[in-house]
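Report on the following structure.
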Amino acid sequence: MMEKKKNVPVLRFPEFSGDWEKKKLGEITTQMQSGVSRKLNDSDIGLPILRSNNIQNEGLDVTDIKYWYLKDDQGVNLENYYLKENDVLVNFINSLAQIGKVALFSDLLNRDTIFTTNLLRLSFKNIVDTRFVFYNFNLKSYKDYIQSITKPAVNQASFTTKEFQNYILDLATLPEQQKISSVLTAVDNKLQTLKKKKTLLEQYKKGMMQKIFSQELRFKDDNGNEFPEWEMKTLGEIAEKKSIKNKSNDVKNVFTNSASVGIVNQRDYFDKDIANQNNLLNYYIVENNDFVYNPRISNLAPVGPIGRNHLDTGVMSPLYSVFKFTQGNLDFFEIFFSTTGWHEYMESIANYGARADRMNITSENFYLMPVPFPCLEEQTKIANFLSAIDDKINLCNAQIEKTEQWKKGLLQKMFV
């Protein structure tokens with residue numbers, strides 16, 4: 001007779017033994033309650049109310065909060081909807097991308113807070129640790145179950161509480177649950193510290209860039225002497241247009257200038273070829289350290305992005321403008337184009353009678369763009385200073401990614 005497979009995790013604390021017990025979610029909850037639905041307002045008068053979009057990345061984002069007018073209670077006993085520390089909130093009416101996402105409530109606003117009808121508030125019996133259940137909701141098995149019970153709709157998807165109550169969890173004893181959740185909470189705390197550090201570094205860099213390009217902050221040479229006053233030059237004085245076409249069709253790497261991530265290979269970015277590989281003859285050849293202007297506008301790039309090519313040789317759509325600098329520090333100019341200091345000029349020369357999603361600018365006007373031009377030594381000092389901050393931000397990113405992978409591994413091994 002085959003021995004029955006034990007219901008235990010791969011990674012376990014040595015002081016615990018025995019099989020984990022299977023329970024339906026409905027068997028361990030004391031409450032599964034949806035919130036209130038009323039007209040909301042943006043002023044901070046009344047009670048703050050959490051909505052589905054406040055659940056982001058397994059946590060709460062309270063940067064965009066709406067409020068409930070206290071005079072609009074219409075007989076509702078709002079105290080029944082006051083959230084308590086560590087309540088579990090679940091998106092059960094939302095887009096397919098957001099459905100099932102969860103967060104632990106914490107009193108970030110330091111005020112009585114309620115929640116909307118798109119969210120479920122879960123309270124649990126004393127046989128479970130709330131955080132243990134929350135981390136269970138991070139598992140692939142939970143996400144697969146949510147997909148299986150979700151009913152798509154034109155505007156938003158949803159699932160019923162009746163179906164949600166049938167989700168099966170594997171439960172350890174309460175002391176083991178608490179020990180597991182304490183380990184994962186420590187990892188989450190480390191992640192929050194790293195993310196806060198990254199945010200502060202990004203804010204510091206942004207502030208320094210504003211001071212540098214407004215010349216509120218100036219650097220000195222190695223002897224402590226002042227650098228010369230900055231010049232303003234047109235882009236055409238310090239850079240030259242490149243319009244070499246891929247006439248032999250030898251170059252097959254097609255690049256895209258994305259507002260969010262810069263110049264990338266289309267195949268890597270989209271996981272497929274977007275351009276027609278057999279018709280790249282009119283595409284511009286782009287070499288390493290060339291700069292590219294994409295006239296397509298977006299929320300991230302209101303006048304279109306200018307990016308520097310850090311890749312090898314590729315080709316880009318003839319809709320883009322390609323140029324290379326003939327003098328100056330490339331890092332300095334890359335930093336300048338990451339600011340908004342050139343946006344006002346672009347807006348002043350744009351022809352808005354063209355497509356609404358694209359800047360229509362003549363090549364002549366583009367190369368008349370004014371560009372700040374400190375002496376080369378100061379350009380280099382500025383670039384090195386800001387690059388050092390970037391190094392710290394990149395280190396934070398690497399630590400965040402490593403910690404997230406560690407957490408993912410723990411979730412896979414510490415739960416059944």
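Things worth noting here:
- Annotation: of all residues in region 239-266 being part of a loop (DSSP other than H, G, I, E, B) and without any contact (Cβ under 8 Å) to a residue 24 or more places away in the chain, the one that is surrounded by the fewest Cβ atoms within 10 Å (Cβ to Cβ) is Ser248.
- For first residues located in region 55-75 and over 18 Å from Lys196 (Cα atoms), partners that are modelled with pLDDT under 75 and assigned to a strand (DSSP E or B) and lie 6+ apart or on another chain with Cβ distances below 7 Å form the pairs Lys66/Leu40; Lys66/Asn41; Tyr67/Leu40; Tyr67/Asn41; Trp68/Leu40; Tyr69/Asn41.
- Asn282 in contact with a Pro (Cβ under 7 Å, 6 or more places away or on another chain) and under 14 Å from Asn257 (Cα atoms): no
- Scanning region 127-155 for residues that are within 20 Å of Leu184 (Cβ to Cβ) and not in a helix (DSSP H, G or I) turns up Ile127, Val128, Asp129, Phe137, Asn138, Leu139.
- When Lys195, Lys206 are checked against the criterion of being farther than 30 Å from Trp20 by Cα and either of a type in the set (A, V, I, L, M) or surrounded by 15 or more Cβ atoms within 10 Å (Cβ to Cβ) (or both), Lys195 stands alone in meeting it.
- For region 85-132, the tally of residues that are loosely packed, with under 14 Cβ neighbours inside 10 Å, at pLDDT 90 or above and of a type in the set (D, E, K, R) stands at 1.
- Boolean, Thr326 is of a type outside the set (Gly, Ala, Ser), in contact with a helix residue (DSSP H, G or I) (Cβ under 8 Å, 6 or more places away or on another chain) and exposed (fewer than 13 other Cβ atoms within 10 Å of the Cβ): yes
- Residues of region 328-368 satisfying the condition of being among the acidic types (Asp, Glu), assigned to a loop (DSSP other than H, G, I, E, B) and out of contact with any strand residue (DSSP E or B) (no Cβ under 7 Å at 6 or more places or on another chain): none
Condition check ((1) farther than 25 Å from His310 by Cβ; (2) modelled with pLDDT under 95; (3) out of contact with any Leu (no Cβ under 8 Å at 6 or more places or on another chain); (4) surrounded by 14 or more Cβ atoms within 10 Å (Cβ to Cβ)) across all residues:
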{"residue": "His343", "(1), (2), (3), (4)": "no, no, yes, no"}
{"residue": "Glu347", "(1), (2), (3), (4)": "yes, yes, yes, no"}
{"residue": "Gly353", "(1), (2), (3), (4)": "yes, yes, yes, no"}
{"residue": "Asn365", "(1), (2), (3), (4)": "yes, no, yes, yes"}
{"residue": "Asn384", "(1), (2), (3), (4)": "no, no, yes, no"}
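- From Leu300, Leu280, residue being touching a strand residue (DSSP E or B) at 6+ places or on another chain (Cβ under 7 Å), assigned by TED's automatic domain parsing to the domain that holds Tyr345 and in a loop (DSSP other than H, G, I, E, B): Leu280
- Test: residue in region 210-222 that is surrounded by fewer than 16 Cβ atoms within 10 Å (Cβ to Cβ), part of a helix (DSSP H, G or I) and not charged (D, E, K, R): yes
- Among the residues of region 220-261, those identified as in contact with a helix residue (DSSP H, G or I) (Cβ under 7 Å, 6 or more places away or on another chain) and over 25 Å from His310 (Cβ atoms) are Asp221, Phe227.
The values are calculated or read from the model by the stated rules, or taken from the named source; none is laboratory data. Treat the numbers as computed from the prediction; the structure is a model and nothing was measured. Quick reminder, even Gly has a Cβ in these numbers, built from the backbone with ideal geometry, and neighbours come from all protein chains shown.
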